[in-house]
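Take a look at the structure set out below.
The values are calculated or read from the model by the stated rules, or taken from the named source; none is laboratory data. The model shown is predicted, which means the values in this text are computed figures rather than measured ones. In this analysis, Cβ positions are derived from the backbone assuming ideal geometry, glycine residues included, and neighbour counts consider all displayed protein chains.
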Amino acid sequence: MKTTLLTLLARTAPRPLPGVRRVSAGGIREAGRLSESALLALLTTLPAGDFELGCHPGEGHPHVPEDPAWTYGWQLELDALTSPRVRECLERRGVELTTYGALSAT
């Protein structure tokens, strides 16, 4: 439900102001479960242009006292993002990693 709502909001959002860049985003549906195989599959479908990958890598396992049932695969996402196979895929596809700040400066 949350993903559907976010997709709807993104599609109906007003156009950005002049000088503000909008980029395609991915990884929303995989949030917390962005494994190496999921990331490789996502990379094979990248659209042309700039692309933002939504993820939150980290070490260990999350513990959120306010919501003990909440889990997020921080370590899983860190392992996927640092995978040699993912790096090889990025290089093969000619993907250049950058920052949001660098994109906004162009």
### Task
Working only within the range 67-89, note down all residues that are over 23 Å from Leu46 (Cα atoms) and either at pLDDT 85 or above or in a helix (DSSP H, G or I) (or both).
Gln75
### Query
Out of Leu97, Leu34, which single residue is loosely packed, with under 11 Cβ neighbours inside 10 Å, aliphatic (A, V, I, L, M), at pLDDT 80 or above and in a loop (DSSP other than H, G, I, E, B)?
Leu97
### Task
Tell me, yes or no, whether the range 9-22 has at least one residue that is among the polar types (S, T, N, Q), modelled with pLDDT of 65 or more and at negative phi.
no
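Residues checked against (1) within 18 Å of the chain's Cα centre (by Cα); (2) at pLDDT below 85; (3) over 16 Å from Arg33 (Cβ atoms); (4) not in a helix (DSSP H, G or I):
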| position | (1), (2), (3), (4) |
| --- | --- |
| Gly49 | yes, yes, yes, yes |
| Gly58 | yes, yes, no, yes |
| Pro65 | no, yes, yes, yes |
| Glu91 | yes, no, yes, no |
